[in-house]
Amino acid sequence: MRLLASRLEEAAQEITRLQGGSVIVGLPITAPPELAHYEAPLRNLVEWCHSSAAEIRKRAAIAAEADLIGWDPSGDNTARDALMTAAAGGFDDQLAGFDALGEDGDVAAFFAALTPGQALAVALARAQHVGARAGVPFELRYAANRQLVRQARAEALRVGDKGAVDRYTRLLNPDRQLLLFDPRALGKIAEVKGNLATAKNVSIFVPGTGNHLANYLGGSGETLEAIHKAAAGLSAGTATILWMGSPLPQGLGGAMFDLWADRSAPKLRGFFDDLRLQPEVRTTLIGHSYGSTVTGHAVKEGLHPDNLIAVASPGWGVTSASELNAPETKLFAMRHTGDLIKLAPPAEQAIGFFIPVPDTIAGHGADPVFMPGVERLSSGSEAVPFYDIDSDAHSDYFGGSEAGRRAAMNMAKVIAGVDHETYEEAKASL
């Protein structure tokens, strides 16, 4: 198809050359004059060649998307068939209708009016515009982001990036459900476990410093699995989301500053709002380490979940719970006794010792564990002496050790709305 488009464009260029360019600009025929009678038909032919070539290239691009999926002789070829039908012109009206919506169109109503085949074809052919768009049914967003992963995998194959090829191949596993995917720079991803469309309990987890797309599968992706497994074990109607939709600091130096949280907060709030969950759905926002700082800033921005949990937190970016401006949100914090984060001074103090820095730039406010109005959750490490230091404790809240499993289960209880254990209760039982 691309070859045909090239030949049409070459024909148009040749006609234009022979006519001295007059076919394009509409000037009187100058060479050769004996063809003056054919000036209008030739001009129409040139325009037809160009417009047909452009149309064929569009169809070729859609066919190329189908090629990324490939044909499975023993599997489900629904997605590939939808794209092939679109490439052949079978869904031209639907694609044009989607393009006409613009950024502010009622995309939910648009997709509701389509047949399943039409909707899938539009989602796949316009994956870049569908994958992260509010109002699009979750299943279609999953399909669109899967197509974006296929595109990224094809590019990784082209440049010979074996690590990326392996990563994207694993993300194409049929049980992956992505609401966001962007491989550029540090990368962005939002993955769902469970049935988000029917869930009664929905939690969103934001990881901390050092996380990015390249280490997702061996790091925060496993954390997502652990949180969901614990919560779903208590309530079948549970969906768990990991959100990494904005760059996180990659080192301790960057983690001292508010910049990353300030930039991430409106994006996290927008993502939450775009889910359009029903009011009766219980929502829990969990942040680990610097991820808790992101969640705190997002709550200040107006994201008001039912529960907010800070895990191993350097701070929400406030000095008191009232500064979160979320009186209806229940506040929780959790920290292992031996977690090194307890030794980290507020950044405004650490930096300010050398250079005066406003606390609106560096530092993350008061420690949520000791903040009035915040309930401290048991992390399973209460038997550890307060002076103990454990270099592994900061990442051990989601399984692994016995304390990590107890911490994950206690978070899951908050998510599911069942009785949880406080730090004080755990200490009293020793």
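Readers should treat all values here as calculations from the given coordinates under stated rules, not as data from a laboratory. Being a predicted model, the structure only gives us computed values, none of them experimental. Positions of Cβ are backbone-derived with ideal geometry, glycine not excepted, and every protein chain shown enters the neighbour counts.
Worth pointing out:
- Part-to-part distance (alpha-carbon centres) for the range 169-230 and the range 90-138, which is given in Å: 24
- Peptide packing: for 207-217, 291-301, 269-279, the average count of neighbouring Cβ atoms within 10 Å per residue gives the ranking 291-301, 207-217, 269-279, highest mean first.
- FRET efficiency estimate (nearest 0.05) - Cβ-Cβ, ASN195 to SER391, R0 41 angstrom: 0.60
- Rough spin-label spacing in nm, given labels placed 7 Å along Cα→Cβ, for ALA112 and ALA214: 4.4
- Fraction of beta bridges assigned by DSSP in the range 184-428 that are antiparallel (%, nearest 5): 20
- At an R0 of 51 angstrom, the distance between the Cβ atoms of LEU340 and ASP104 translates into a FRET efficiency of 0.60.
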